[in-house]
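Only one structure is covered here, and it is reproduced in the block below.
Just so you know, all these numbers are worked out from the coordinates, no wet-lab data involved. Because the structure is predicted, anything quoted here is derived from the model rather than measured. Virtual Cβ from ideal backbone geometry, glycine too; neighbours counted across all protein chains shown.
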Amino acid sequence: MQSNHFLYRLFYLLLGTFLIGRVIFMLYNIAFCDYTFWQVVQCCWYGFWQDIVVTSLSLAIPGLLALLGVRRLRRWLTPYYFLMSFVLVVLITADTVMYEYWHFNLNAVILSYAAYPEGATSSVPLYYLVSRIGCGILGSIALALLCIRLTPKTSQQPRRSLRQPGSLPFCVFFCFCLIASQVEVGTAYWSPRLFLNHSAVNPVYGFFSSFHTRPYHERYVSMDDAACAARFRGLYDVGGETIDSLLRTRRPDILIVLMESFGSPFVESLGGAPVDANLERLIPEGVYWEQYYSNSFRTDRAIVSTFSGWISYPDVGLMTHPEVHDSLPSLARTLAAAGYSTEYLYHGPMTNMGFGAFLSDIGFQHLYDHTAFPDVPFDSPWGVHDREAAEEVATLLAKPAPHPRFMVWQTISSHEPWEVPWQQFDDPVENAFSYTDAALGDLVDSLKQTPVWDNLLLIVIPDHGHHHHQSYEDEAYFHAPMLWIGGAVRQPRRIPVLMNQSDLAATLLGQLGIAHADFPWSRNVLASGYRYPFVYCAFPSGFLFRDATGSTIYDTSADRLIFQQDARSSAHYGPDAPSSILGRLRLEHGKTILQTSYDRLWTNMHR
């Protein structure tokens, strides 16, 4: 058994690596959550089982070679140690660094964004990428060298039966390999606070567990098909005529301003920081939707929800799946059939996440990126700054057109790395959002001086929220402003009805008197058939369901309830939070929508 002592030392080394990695994770992201030393200990304790499983799996090959008595053991294992160390340390490092931006553990979802590295390089400075990547590489080399140092050059294990005492380590490792599949990510969840649960999860185990996926129609199945269909009935099949007309005309020019990340933390009227002075002064002039919720957490998902009226998914982004684009409904395509010209303006490259290809596939006739405006300086990591872009938008919209126009302008400045030519707030994040708000004010003020304003419907909406003092366990992350303004608006008012981003398509078309039956996930919230207002929002490992009875947030990766609050009652957090009758009903509705959404995605992909 002497030759196998190195396996124990390696075992302790890897366990120590995960322990150190967990502490570094919590220290690196300390700005997002306050915690005590005892809570750090609890995170380590609850994640210990996953650490043991990953450690055992990592040492299965060294254990096998030692059991077989392979000579020149160190030489055989050196390449494996470098590969193993690289995978372990890079995943630990990536999980630590990316949490700052994503607020969820590293999983397979990240790969769809890794295929488009320009998104990462535009979001952070070069020194940031180099320093983090360098730390990961140096850490993996150090771990590999330690593993090599702890491994004997030769093995003295005789090639005999498994009854030899030296076989015990390998048998133990093998048993851990067998039980690994029975350990769920959610076993590490212990706290009412999502950050502490994420800290407890072993990043390597969480990442590879996320690849254990099934075909879309077999994911997140919580009930049989008949029961799911019965429970789904009545949730989205909204009928009836529009009973509340907001517009003076049925064919206004339409401009949608899709504001980057402009969720409730930056809207004073929704309880956020007072950085939206222009939006606040415009709210009394238009139709303000007080209970509007974004569908998802990233721009690529938001664009699909906004312009195809489609639901969002925890782990699938439809923009990068061109095989389904033709089967998606499209606001641009529907308006073009009604006589509109359709245009999309984004003052940066349209290559990230297949952005430009998706817009073309869903029927936008004219796409304008930074190359369409050569006289405007490309002076930010993402493209042209918003205030300069606003001038171009106003100029383009003011040009005479033979047809009514449907135009979208997507802003870019309120995005990492928060570099804007503006200094109004000390906080760089709030300062960037204040700059985008100023661009909105510039645009509206310019358009009001032109005849275009008289027949214009300008819709201001965000693409998604932002983690400014928020996380996914806070329903306010999805709460956002939506404002309809312009000469085409009949009169200012506030509308308190619950609605999703995906409901914009059917609601807008209903106001225009255009059929929208081909938008199955979009509801006309001003129709007589909208009798059950609710919102459903997805994030990488769960969903929010909210209706008049309260809110429920569910973590799909852990199969745990993480937030519940009934109307006019206190909020409950954590995997052990008590669930009320109303809470269980909301959870059932959310699971029904989740299961049905994947069934329909499977159907769309196999038409």
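Assorted remarks:
- Computed over neighbours whose Cβ is under 14 Å from that of residue 361, the net charge equals -2, Lys and Arg +1, Asp and Glu -1.
- Values of log10 I(q)/I(0) for region 236-531 across q = 0.15 Å⁻¹ run -1.22, by the Debye formula with one identical scatterer at each alpha carbon and no solvent.
- log₁₀ of I(q)/I(0) at q = 0.06, 0.07, 0.10 Å⁻¹ - the chain, Debye sum with one point per alpha carbon: -0.36, -0.48, -0.91
- Burial ordering of 341, 222, fewest other beta-carbon atoms within 10 Å first: 222, 341
- The Kirkwood radius of region 32-78, taken over pairs of alpha-carbon atoms, gives through the Stokes-Einstein law at 25 °C and 0.890 mPa s a diffusion coefficient of 184 µm² s⁻¹.
- The chain: DSSP helices with Cα axial extent of at least 27 Å and average Kyte-Doolittle hydropathy no lower than 0.5: 5-28, 73-102, 126-150
- Straight-distance crosslink candidates among lysines, where the alpha carbon sits under 19 Å from residue 448 and sequence neighbours closer than 8 are dropped: 399
- Charge tally for residue 529 (other residues, Cβ to Cβ under 12 Å; Lys, Arg +1; Asp, Glu -1): 0.
- Sum of -39500 (n - 2.57) over DSSP H runs of 4+, divided by residues of the chain (222 nm, nearest 500): -13000 deg cm²/dmol
- Cross-link reach is defined here as a Cα-Cα straight distance under 19 Å, omitting same-chain residues fewer than 8 places apart; for residue 591 none of the lysines meet it.
- Region 426-494 and region 197-269: distance between their alpha carbon centers, rounded to Å: 21 Å
- Of the residues 448, 153, the one with the fewest other Cβ atoms within 10 Å heads the list, and the complete ranking is 153, 448.
- Averaging Cα coordinates gives a centre for region 537-607 and one for region 25-42; these two points are 27 Å apart.
- Between amide H atoms placed 1.01 Å from N, distances below 5 Å from residue 255 occur with 407, 457, 458, 459, all of them 5 or more places distant or on a separate chain.
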